[in-house]
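Just below is one structure, and these are the notes that go with it.
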Amino acid sequence: MKTEYSEDELPLDPEFAMVLLDWKLQSEKEAASEDSTPSIGLELVFRSHVTERHYHTAPIQQDYIRPAGCCLVECPKCGAGVGVWCEQDSPTPNGKRLPLHEERREAAGKYDGIGWHTFRHTYRSWLDDTGAPMGVQQKLMRHAQISTTMNVYGNALMEAKREANTKVVRKALRSA
């Protein structure tokens, strides 16, 4: 952890805890039915089926998160629609995920830069949208300084901005 604030305990929603527990049990059953030696990674909730150890964050971001961001736009080269991987002329090597065309990455613009840190900014925006007090947001984000929470992370959701703006406009129109 970077700081003592990073080590703070975080609450786990009971419904989400059940989802994770169900997944873990399902993974243990699948590993047991594979007729292999007992897995050293069974204590992990998300273990790699290849190494039986934890996943590394960099390959997940490179192979899944960034390409998924690019898939938020249509591919100008092959015409693959939003949410669909690019069409390829030949089979993918080693059965890996289909590569994206460079034209799609360019068309994706800012969406090509989606990564793990994007989720922190989204989480902060959603916390704000729930009306959570700033001090609670700071603790959940595990920031040492509340100014980091307020000035660096998050952005108001469009619906919240629209609602606030509408209230001001209506107030101004009534006084006119």
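Tabulated values for the structure
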item	result
Ranked by how many other beta carbons lie within 10 Å on average, peptides 153-164, 10-21 from highest	153-164, 10-21
Segment D8-V136, length gained on full extension (0.36 nm per residue, minus Cα span)	44.8 nm
Residues of type aspartates and glutamates that K171 reaches as a straight line, Cα spacing below 15 Å, ignoring anything fewer than 8 places off in the same chain	E163
Under 19 Å from K24, Cα to Cα: aspartates and glutamates that are on another chain or at least 8 residues apart	D13, E15, E34, D35, E43, E52
Estimated dipole of the chain in Debye, rounded to 20 [Cβ of Lys and Arg +1, of Asp and Glu -1, Cα centre]	1100
For q = 0.15 Å⁻¹, Debye-computed log10 I/I(0) when each Cα of the chain counts as one equal scatterer	-1.18
Top of T122, T149, T57 by mean-square fluctuation, Gaussian network on the chain, Cα under 10 Å	T57
Full-extension gain in nm, A164 to L44, via 0.36 nm per residue minus C-alpha separation	38.8 nm
Under 29 Å from K29, Cα to Cα: lysines that are on another chain or at least 8 residues apart	K96
Carbon + sulfur, % of accessible area of the chain - ligands and nucleic acids excluded, 1.4 Å	56
Per residue, in Å², the accessible surface of the chain once ligands and nucleic acids are set aside, probe 1.4 Å	75
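The values are calculated or read from the model by the stated rules, or taken from the named source; none is laboratory data. What you are looking at is a predicted structure, and each value in this text was computed from that prediction instead of being measured. Virtual Cβ from ideal backbone geometry, glycine too; neighbours counted across all protein chains shown. Please note that ligands, DNA and RNA were not included when accessible areas were found on the heavy atoms of the full protein model with its side chains. Shrake-Rupley method; radii C 1.70, N 1.55, O 1.52, S 1.80 Å.
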